[in-house]
Amino acid sequence: GAGVSQSPSNKVTEKGKDVELRCDPISGHTALYWYRQSLGQGLEFLIYFQGNSAPDKSGLPSDRFSAERTGGSVSTLTIQRTQQEDSAVYLCASSFQGGDYGYTFGSGTRLTVV
Amino acid sequence: GQSLEQPSEVTAVEGAIVQINCTYQTSGFYGLSWYQQHDGGAPTFLSYNALDGLEETGRFSSFLSRSDSYGYLLLQELQMKDSASYFCAVRADYGQNFVFGPGTRLSVLP
């Protein structure tokens, strides 16, 4: 596609429920990233996929968080047993090989846990 | 660990020049990027410096000094639309994962 597409754009969920967030990167981009941004804060790295290599999961805050990328394209970030502190905007980005030429970010999913 | 520091807020008037600084302490260094983010929007890529010196792109310039672990974003001829948050980001290892700074909120006044 022309840009990075994320869905849903907004998600309100009850504490304890599981949620899935989807990211459709730019076609041909080999690298895909998930970041989290709390209100007025910086971007917190979560996970990074590059081609067929094992993902870098070093930023996942707990084992309730997981992500997969199918066929080197679409990625899903899953949060199990959501907690109120999970409320944030979840941003997906993709890049061609390295990020030296910049990431292209999606518009994000605003997750609110009530 | 990795840490980046930026001023939290900067205010300037239309037409002025403003410099947003970024200092970093990272385990390694391969390059420094800058991103702009308007309220409610996605971050957009502005520049990338891998080598020392100044890179100019229109009204925006970015500078890097690897020996000082320091860089800055220079915005000239400020416009109201430049009001946004600006993030520096460091590529700290050979992978393509960038570590982002806390962001600087720029307010441009008429």
Treating the beta-carbon of each Lys and Arg as +1 and of each Asp and Glu as -1, no other charges, what is the dipole magnitude of the protein assembly as shown about its Cα centre, to the nearest 20 debye? 560 debye
Over chain B, what is the relative contact order in whole percent, taking alpha-carbon pairs under 8 Å and six or more residues apart? 37 percent
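Stick to the Cα atoms of the protein assembly as shown, pair each with every other, and give me the Kirkwood hydrodynamic radius in Å at one decimal. Could you put the intermediate results ahead of the total?
On the way: mean 1/r = 0.0557 Å⁻¹.
Hydrodynamic radius (Kirkwood, Cα pairs) of the protein assembly as shown is 18.0 Å.
Take the Cβ-Cβ distance between residue B:2 and residue A:14 as r, set R0 to 35 Å, and report the resulting FRET efficiency rounded to the nearest 0.05. Before the final figure, lay out each step's value.
Details: r = 35 Å, r/R0 = 0.99.
In this case the efficiency is close to 0.50.
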Once you have the Kirkwood Rh of chain A from its Cα pairs, apply Stokes-Einstein at 10 °C and 1.306 mPa s and quote D in µm²/s. 113 µm²/s
Pairwise label distance in nanometres, residue B:9 with residue B:77, each label 7 Å out on the Cα-Cβ vector: 2.9 nm
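Count, for each residue of B:43-52, the Cβ atoms from other chains sitting within 10 Å of its Cβ, then give me the mean as a whole number. Don't skip to the end; give the middle numbers.
Working: counts 10, 4, 8, 1, 1, 5, 1, 1, 0, 0.
Averaged over the peptide's residues, the number is 3.
In nm², what is the average projected area of the convex hull enclosing the Cα atoms of chain B? Please list the in-between numbers first.
Details: hull surface 26.2 nm².
Averaged projected area of chain B's Cα convex hull equals 6.5 nm².
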Only four residue types carry charge here, +1 at the Cβ of Lys and Arg and -1 at the Cβ of Asp and Glu. Report the dipole size of segment B:19-101 about the Cα centre in Debye, rounded to the nearest 20. 100 debye
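Bear in mind that the values in this text are calculations on the coordinates, not laboratory data. Bear in mind the structure is a predicted one, so any value in this text is a computation, not a measurement. In this analysis, Cβ positions are derived from the backbone assuming ideal geometry, glycine residues included, and neighbour counts consider all displayed protein chains.
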